[in-house]
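Trainee: Here it is: the structure, laid out below.
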Amino acid sequence: MSISSIGQNIAAYSIQVGKNTASKVDANSIEYREADKSAVPAKRGLLTSMIARAASSDQHSQALLDDFSKPSNSGLFLGGLPDLSDPEAISKLSKVNELFLVEQSNFENQKTTLINQGVKSGDSAQKILKDIVGLYDSQSELFQKGVGWKGEVFSFDASSAAVVDVRV
């Protein structure tokens, strides 16, 4: 049985008077719109809020800096997957991921250098954290979308407002 024939005969179950009854629903009659998943809470806002809360004490700021000193390998954030049966879409996803991983590695090196220089210079944890925000701000659009820095992520959903423009 093919996926399309399964989709044509979706069994909808409802509980009526204590009994389970099944009725067939034509999948073509159901209006389906997936929400645009290319927008997420901006990581920039989350980080600046955490820094503001940590500012109440040097101990809190240092604990937050210690957390940010650890390497991040969270990977690429996506708001929707491409059609897995489309080789071109899979190729684009692969290329975006490949480019992102290079940029993420570069960012982690820059972040480590920034933290080490700040500590060596005697900068406060609060100042170093603000410098990390500036480092994120200075990164490429690809990296910022990959981590959701400004609240946008890559989406391969055709209805999405986010457009993936990667030449493969």
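Throughout, read-outs are computed from the coordinates displayed, never taken from laboratory work. Computed from a prediction, not measured in an experiment: that's the story for all the values here. Every residue, glycine as well, gets a Cβ built from its backbone with ideal geometry; the counts of neighbours run over all protein chains shown.
Trainee: Would you please put 108-114, 147-153, 118-124 in order of how densely packed they are, using the mean number of other Cβ atoms within 10 angstrom per residue and starting with the highest?
Mentor: Values: 108-114: 13.9, 147-153: 20.3, 118-124: 12.3.
Packing order, densest peptide first, comes out as 147-153, 108-114, 118-124.
Trainee: Additional query: Using the Cα atoms of the stretch 33-149, I'd like the radius of gyration and the largest Cα-Cα distance, Dmax, both in angstrom.
Mentor: When restricted to the Cα atoms of the stretch 33-149, Rg and Dmax are 16.7, 54 Å.
Trainee: Apply the Karplus parameterisation 6.51 cos²θ - 1.76 cosθ + 1.60, with θ equal to phi minus 60°, to every residue of the stretch 67-72 and state each ³J(HN,Hα) to the nearest whole Hz, in sequence, with x for glycine and proline.
Mentor: After applying 6.51 cos²θ - 1.76 cosθ + 1.60, I find 5, 6, 6, 6, x, 9 Hz.
Trainee: Something else: Give the long-range amide H neighbours of G79: residues separated by 5 or more places, or on another chain, with amide H under 5 Å away, using H modelled in the peptide plane at 1.01 Å from N.
Mentor: Placed amide hydrogens put F154, S155, F156 under 5 Å from G79.
Trainee: Beyond 27 Å between alpha-carbons counts as too far, so tell me which of K95/K127; K111/K150; K120/K145; K43/K70; K92/K130 fall in that bin.
Mentor: On the way: K95/K127 36 Å; K111/K150 18 Å; K120/K145 31 Å; K43/K70 17 Å; K92/K130 34 Å.
Going by Cα-Cα distance, K95/K127; K120/K145; K92/K130 fall outside the 27 Å limit.
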